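Asker: Can you keep this structure in mind? I'll have questions shortly.
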Amino acid sequence: KSRLYQYLAPDADPHMPPKKQLRDAEISQIRAWITAMAAGDAAPAQPATAAPVPRTFGSIPDAVDTLLAEGWKARSLKPAASVDDRTWCRRVYLDLAGRIPTRGETDAFLAEPATERRARLVDRLLASDAYAVRMRELWDVFLMGRPRRENHEDRRRQNGWWTFLEEAFRQNRPWNETVRDLLVGREEGPLSKGASWFLYERRNNHQAIAEAVAPVVYGTRLDCAQCHDHPLAREVKQAHYWGLVAAFNRSKNLDGGNLVAESAIGGFVNFTNLKKESQPAVVTLLNGRVVDEQRPAPDAKEEDRDDLYHDPKAKARVPKFSRRAAFAAAATQGNPLLARAFVNRTWAVLMGRGIIHPADEMNARNAPSHPELLDWLATDFAASGHDPRRLVRGLVLSRADGLDRGDAPPEAFASALERPLTGEQIARSWRVAAGMGPDEDGLSRAASGAMPDVLPRDYAATFQQAQF
């Protein structure tokens, strides 16, 4: 008689959950729960059970193929057939080199012995400059957004931001080290040169910085928590939003370059919740960690002294206690959300949709389609030392990445999903199809300007884009 239970039936109207049918085992669990409540007493406490032991797999493709196959069986789905080698070659060139292959490259690939030729091609592409550029193009947009004016693109290039990202992927730097450098925003060596542009381009807008950082280190946007706790993802609090703002509100751009200074004092602010209560903004991470910092008394006046800095005569002085550095350390060491966010975003790039969708809203509102797979991949990525190339290689060599088109639900990953090409991919591929070299800056700018979306949630070409 429970309406909650009745709405779970396949033909129910309204139907819950929307656009999804629970499995029989799940419905049985809910029935048992309701039946226990109907007795008038709380259900007896269940003995605590140990967390399941993570399964061991020999490789990333083995884990992906096994866990997806189990999902297909549970959903009573038959996966699409695998594509032929010619189609697969085109797909992997688009994914890793940002363009279609030339006829000669395709013929050379097909002429190789079939055994391991796919793995050999993937390894060659991952070692190429084209892969570094392709990853830079993606992460430039994920981290910075698509520039609205050409001079913004030029400034990113001129101030070393593009070089910083390309070198990170060319040298296969651990992802947590790359993220630490862009959060700290200081040139501490050759590999971190240009990283400060992540902060600098936002022109001292500390809320904009916080909103850009959250999807990278937490996997979810925090914009909805600016004025109140997130109404649908209860784990996201207003304190997390303003704590992230506080991590960067001592920062200030220096004129004439790309240096971002940081004060040793100040930046102690309060925010007001919906109950009109004032709360201090403390650097609190979404995983529960807090950056310890002693706050001055309310009536105390801080003094900005030279002894608070490593080098008081430096143009961009570095405080002995740096909030940015303390937050960066907490966000990139022992923070499982960092690995989880990178894995889910990379999966979305290669498969057309995240295991959690949308890819930048990994929170309680959006459940993973394959929880064990996401957990395993994130744990494996962290254990590998946050190795991007190893993750990408494993995913593109999995069975899932080589499936043909089909009509399975997109969250099942039982067939290839249609993915719009980026403007850069289109421009290079046009030139390859015309028998020209792949790289030409003017055409690439025109195409990316007309089609700026990268990994859109829901893609629908505009009339202007179609005409272009």
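Asker: Could you please find all residues in the range 383-409 being open to solvent by 50 Å² or more (accessible area, probe 1.4 Å) and farther than 19 Å from V92 by Cα?
Answerer: A383, D407, P409, listed by residue number.
Asker: Considering only the range 192-222, state which residues are within 16 Å of N258 (Cβ to Cβ), touching a Phe, Trp or Tyr at 6+ places or on another chain (Cβ under 6 Å) and assigned to a helix (DSSP H, G or I).
Answerer: W197, I209, listed by residue number.
Asker: Now, a different point. Has the range 109-126 got at least one residue that is β-branched (V, I, T) and free of Cβ contacts under 8 Å to residues at least 12 places away in the same chain?
Answerer: yes
Asker: Every residue in the range 190-226 that is open to solvent by 20 Å² or more (accessible area, probe 1.4 Å), free of Cβ contacts under 8 Å to residues at least 60 places away in the same chain and touching a helix residue (DSSP H, G or I) at 6+ places or on another chain (Cβ under 7 Å), please.
Answerer: Within the range 190-226, L191, K193, E201, R202, H206, Q207, E211, D223, Q226 meet the criteria.
Asker: Tell me which residues, restricted to the range 426-449, are in contact with a helix residue (DSSP H, G or I) (Cβ under 6 Å, 6 or more places away or on another chain) and in contact (Cβ under 8 Å) with a residue 24 or more places away in the chain.
Answerer: I426, P438, A447, S448
Asker: Filter the range 318-359 for residues that are among the basic types (K, R) and over 30 Å from A264 (Cβ atoms); which is farthest from the chain's Cα centre (by Cα)? Can you show your working first?
Answerer: Kept after step one, since they are among the basic types (K, R), are these residues of the range 318-359: 320, 323-324, 340, 345, 353.
This time we only want the ones that are over 30 Å from A264 (Cβ atoms), so: 340, 345, 353.
Details: R340: 8, R345: 4, R353: 12 Å.
Within the range 318-359, the match that is farthest from the chain's Cα centre (by Cα) is R353.
Asker: Restricting attention to the range 157-175, which residues are part of a helix (DSSP H, G or I) and surrounded by fewer than 21 Cβ atoms within 10 Å (Cβ to Cβ)?
Answerer: From the range 157-175, those part of a helix (DSSP H, G or I) are 157-158, 161-170, 175; that's our starting set.
Result: R157, Q158, W162, T163, E167, R170.
Asker: For A331, indicate whether it is of a type in the set (A, V, I, L, M, F, W, C) and over 25 Å from C224 (Cβ atoms).
Answerer: It is false that A331 is of a type in the set (A, V, I, L, M, F, W, C) and over 25 Å from C224 (Cβ atoms).
Asker: Of the residues R186, R180, R157, R148, which is basic (K, R), farther than 16 Å from N253 by Cβ and touching a residue at least 24 places away in the same chain (Cβ under 8 Å)?
Answerer: Numbers: R186 fails: farther than 16 Å from N253 by Cβ; R157 fails: touching a residue at least 24 places away in the same chain (Cβ under 8 Å); R148 fails: touching a residue at least 24 places away in the same chain (Cβ under 8 Å).
Going through R186, R180, R157, R148 in turn, just one is basic (K, R), farther than 16 Å from N253 by Cβ and touching a residue at least 24 places away in the same chain (Cβ under 8 Å): R180.
The values are calculated or read from the model by the stated rules, or taken from the named source; none is laboratory data. Since we're looking at a predicted model, the values are computed, not measured. Cβ: placed from backbone, ideal geometry, glycine included. Neighbour counts: every protein chain shown. Each accessible area value is taken on the protein alone, full model and side chains, heavy atoms only, with ligands, DNA and RNA left out. Shrake-Rupley method; radii C 1.70, N 1.55, O 1.52, S 1.80 Å.
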